[in-house]
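Undergrad: Here you go, one structure.
The values are calculated or read from the model by the stated rules, or taken from the named source; none is laboratory data. All figures in this text were calculated on a predicted structure; none of them were measured in a lab. Cβ coordinates were reconstructed from backbone atoms using ideal geometry, including for glycine residues, and neighbour counts include every protein chain displayed. With ligands, DNA and RNA removed, areas are computed over all heavy atoms of the protein, side chains included. Shrake-Rupley method; radii C 1.70, N 1.55, O 1.52, S 1.80 Å.
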Amino acid sequence: MVMERTYIMIKPDGVQRGLTGEIIKRFEQKGYKLVAMKLTKPSKEHMEKHYADLANKKFFPGLIEYMTSGPVCAMVWEGKNAVLEGRKMLGATMPSDSAMGTIRGDFCIEVGRNICHGSDAVESANHEIGMWFPEGVCEWTRCDEKSLYE
Ligand code: DAT
Ligand code: MG
């Protein structure tokens, strides 16, 4: 079976609002495996690199200011279809478009304070994982994997 890894980040508003545990809980209970995690206050340069594809957007300076305002919880989660499923668990970019039951649908109101980031494709996930965890991730086996997968 092909396992994917996705980069999931709890943004400064999510950390400040005490949502770190709730978000980790959802990924753990879904069945995904946490293979890397750290709390870090990203530099402006690092954040500009992470969001390089949005550099020409009007909201970019505000986005960088917000993302560097406090610690983020950087994580890598692994499992079947983790990239697409992770995005579904986060909800839509706009909280008002996010279904109830998703993280953004349940916990936030504005796009500029939408709590969490998730990689949008396997290629960008690999790029983001390399950027945030140059030291690599932790390989291990969840003891319930035989019950999670056919
Ligand atoms: P996503 O985070 O769902 O992948 P994105 O990559 O298009 O969305 O944008 C990255 C972040 O930038 C997004 O989570 C919040 C912010 N953002 C996007 N569109 C915005 C807008 N119209 N106004 C303010 N912030 C925006
Ligand atoms: Mg994005």
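Undergrad: Checking the structure you have, find out if any residue of the range 96-118 is more than 8 Å from ligand 1 (Cβ to nearest atom), under 17 Å from Gly31 (Cα atoms) and open to solvent by 10 Å² or more (accessible area, probe 1.4 Å).
TA: Yes, because at least one residue in the range 96-118 is more than 8 Å from ligand 1 (Cβ to nearest atom), under 17 Å from Gly31 (Cα atoms) and open to solvent by 10 Å² or more (accessible area, probe 1.4 Å).
Undergrad: Also, quick follow-up: Provide a single number: the residues in the range 56-86 that are of a type outside the set (A, V, I, L, M) and closer than 19 Å to Val15 by Cα. Break it down stepwise before answering.
TA: Initially, the range 56-86 is screened for residues of a type outside the set (A, V, I, L, M), giving 56-62, 65-66, 68-71, 73, 77-81, 85-86.
Next, only the ones that are closer than 19 Å to Val15 by Cα stay: 62, 65-66, 68-71, 73, 77, 86.
Looking only at that region, the number is 10.
Undergrad: Right, something else. Give the number of residues within the range 81-95 that are more than 16 Å from Gly21 (Cα to Cα), aliphatic (A, V, I, L, M) and crowded, with 19+ Cβ neighbours inside 10 Å.
TA: Result for the range 81-95: 2.
Undergrad: Tell me the residue from Glu65, Glu28, Glu78, Glu45 that is surrounded by 12 or more Cβ atoms within 10 Å (Cβ to Cβ), charged (D, E, K, R) and part of a helix (DSSP H, G or I), please.
TA: Working: Glu65 fails: surrounded by 12 or more Cβ atoms within 10 Å (Cβ to Cβ); Glu78 fails: part of a helix (DSSP H, G or I); Glu45 fails: surrounded by 12 or more Cβ atoms within 10 Å (Cβ to Cβ).
On inspection, the qualifying residue turns out to be Glu28.
Undergrad: Can I ask one more? Tell me whether the range 82-100 contains one or more residues that are at positive phi, within 15 Å of the chain's Cα centre (by Cα) and away from ligand 2 (no atom under 13 Å from the Cβ).
TA: Step one: of the range 82-100, the residues at positive phi are 91.
When the remaining residues are screened for being within 15 Å of the chain's Cα centre (by Cα), the result is 91.
Cutting the leftovers down to away from ligand 2 (no atom under 13 Å from the Cβ) gives us none.
Taking every residue of the range 82-100 in turn, none turns out to be at positive phi, within 15 Å of the chain's Cα centre (by Cα) and away from ligand 2 (no atom under 13 Å from the Cβ).
Undergrad: Quick check on my filter: what residues within the range 113-150 are part of a helix (DSSP H, G or I) and of a type in the set (Lys, Arg)? Please lay out each step first, then the result.
TA: Taking the range 113-150 as the starting set, the residues that turn out to be part of a helix (DSSP H, G or I) are 113, 122-132, 145-148.
Arg113, Lys146, listed by residue number.
Undergrad: While we're here: Check Arg142 against each of (1) more than 16 Å from ligand 1 (Cβ to nearest atom); (2) open to solvent by less than 20 Å² (accessible area, probe 1.4 Å); (3) basic (Lys, Arg) and name the one condition it does not meet.
TA: All conditions are met except number (2).
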